[in-house]
Amino acid sequence: MRRMDTDTARAAILAQIRARRGRPAGMREQELRDVEFEIGRHQRGPQPSVPADAVAAFIAQATALQTSVARVAGQGDVPQAVAGYLREQDLPMRGVAWAALDGLPWSAAGVTLEFRPPVDADKLGITGCFCAVAETGSLVLASSQATPASTHLLPETHVAIVPATRIVPTLEDAYALLRTELGELPRALSTVSGPSRTGDIEQTIVLGAHGPYRVHVVIVDAA
């Protein structure tokens, strides 16, 4: 079902409920204002302290989760950093990526990319991210037509390009940024904390059970 159809159906159901309870349809606007007010006045609970250097904290936490990390000065350096990682891991120099990354010099670095959602045969997916979280070493990815979630879920290797300016201290900061910049949650919101893993079989940790075997992050100091 399309998003518009879902929203219309939900609105119709809620209107019926309000009518049965004798509440006028016009109250909905006031209800929405009340919800926004409550969200705005929400007080955060106790939080652990996060080091002042959010980038260093993110790198430490991500590494502990078996995410490998590289750091480059600018966007133009990203393809060479990705190519170096792929060669080091003896991985194919071919994959798919988000369309927003099309302008980088991938061919000059020896990396061949198609800017489309992945299929089963694609082994490498390269994405940006909405933001990253220093407290947990996690990537936060918001899906859209231009940023399909399948790019970081389907291929065996996920490479994420993370601007240093988009690393926030805590998960609460990430959700506050989502509300500020997007206004509402996307259809799919992923919080990626290292490679996919499970311990369901004989209590042995297995990587890649529900997603990528490898997660590599390239932090870009200057946008």
Cβ charges +1 (Lys, Arg) and -1 (Asp, Glu), total dipole of segment 55-126, debye = 100
Which ³J(HN,Hα) values, rounded to whole Hz and listed in residue order, are derived for segment 125-133 from phi using the Karplus coefficients 6.51, -1.76 and 1.60 in 6.51 cos²θ - 1.76 cosθ + 1.60 with θ = phi - 60°, glycine and proline given as x?
-> x, 10, 9, x, 7, 6, 6, 10, 10
Karplus-derived 3J(HN,Hα) from phi for segment 170-184 (6.51 cos²θ - 1.76 cosθ + 1.60, θ = phi - 60°), whole Hz, x at Gly and Pro, runs 9, 4, 4, 5, 4, 5, 5, 5, 4, 5, 5, 8, 9, x, 8
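Every read-out reported here was derived from the displayed coordinates using simple, explicitly stated rules and does not represent laboratory data. Predicted model, so just to flag it, every value in this text is computed and none were measured. Note: ideal-geometry Cβ built from the backbone for every residue, glycine included; neighbour counts use all protein chains shown.
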